[in-house]
Amino acid sequence: MYTSKSNLRGIILCGIFAAVTAVLAQIEVPLPIVPISGQTLAVGLTATIIGSRYGAIAMVCYALLGAAGLPVFAGFKGGAQVLVGPTGGYIFGFIVTAFVTGLILEKTKHNLTMAMIANTVGMIITLIFGSIQLKIVLDMTWNQALAAGVYPFIVVGLIKAFLASWIGVTVRKRLVQANLIESKPTKKVAA
């Protein structure tokens, strides 16, 4: 059963991981249209460590902070124009990615193999969302959108998926041992 204490921990974790995402977003390798940044690593870490529900909430918080104008997106950018611009699809994808990645782990096991599978699925989701918005906003063909928004990120994405899996599983184990997060979320029981 969720208690107010575990809900408070969850809210705090959402804030922490939204902040981690904002910090890692500033680690970037510029490319012509879409930079390589630490954002996707942060999304994978978030989902692997705090799961689907809180992971998605953390990414919603991150997107809202950026939409409000705080410079939390890659390159210290902020504002709603980023969300509706060419790279906004990736940010919207982070929410779905965090939820699906966390859900896969909640339905299976929190081990390196399953985390790698879950984070790879998450990477694909993020790239799909990103390429769809690139195509629409920049009026690209599918081939152009994939060439600009997917292909350059596959190898780096797999490396980040591995890092998110390895670090995430390790950190999660420690947090469970310290009783800071639950090993498996339990359903809320009606009284």
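Details
- Residue match in region 143-155 (condition: under 17 Å from the mean Cα position of the chain (by Cα) and of a type in the set (Val, Ile, Thr)): yes
- Residue in region 173-191 that is polar (S, T, N, Q) and surrounded by 14 or more Cβ atoms within 10 Å (Cβ to Cβ) present: no
- Odd one out for Val100, checked against (1) surrounded by fewer than 24 Cβ atoms within 10 Å (Cβ to Cβ); (2) in contact with a helix residue (DSSP H, G or I) (Cβ under 7 Å, 6 or more places away or on another chain); (3) farther than 24 Å from Ser131 by Cα: (3)
- Qualifying residue in region 50-68 (condition: on the phi > 0 side of the Ramachandran plot and over 14 Å from the mean Cα position of the chain (by Cα)): no
- Residue that is farthest from the chain's Cα centre (by Cα) [pool: residues in region 32-49 that are polar (S, T, N, Q) and under 12 Å from Ile167 (Cβ atoms)]: Thr48
- Residues in region 58-90 that are of a type outside the set (Gly, Ala, Ser) and within 26 Å of Asn7 (Cβ to Cβ): Met59, Val60, Cys61, Tyr62, Leu64, Leu65, Leu70, Val72.
- Test: Lys109 is of a type outside the set (A, V, I, L, M), more than 16 Å from Gln39 (Cα to Cα) and not in a loop (DSSP other than H, G, I, E, B): no
- Evaluation of Ile181 against the conditions (1) closer than 22 Å to Leu24 by Cβ; (2) part of a helix (DSSP H, G or I) shows that the sole unmet condition is (2).
- Of the residues making up region 133-144, not a single one is among the charged types (D, E, K, R), exposed (fewer than 15 other Cβ atoms within 10 Å of the Cβ) and in contact (Cβ under 8 Å) with a residue 24 or more places away in the chain.
- Restricting region 103-118 to residues that are surrounded by 22 or more Cβ atoms within 10 Å (Cβ to Cβ) and in contact (Cβ under 8 Å) with a residue 60 or more places away in the chain leaves a set whose member that is farthest from the chain's Cα centre (by Cα) is Ala115.
- Close pairs from region 47-68: first at pLDDT 95 or above, partner surrounded by fewer than 20 Cβ atoms within 10 Å (Cβ to Cβ) and among the aliphatic types (A, V, I, L, M), Cβ under 6 Å, at least 6 apart: Ile49/Val171; Ser52/Leu103; Ala67/Ala80; Ala67/Leu83
- Tally of residues being surrounded by 22 or more Cβ atoms within 10 Å (Cβ to Cβ) and not in a helix (DSSP H, G or I) across region 54-86: 2
The values are calculated or read from the model by the stated rules, or taken from the named source; none is laboratory data. Note that the structure is a prediction, hence the values are computed from the model and not measured. Positions of Cβ are generated from backbone atoms using ideal geometry, with glycine treated the same way; all protein chains shown enter the neighbour counts.
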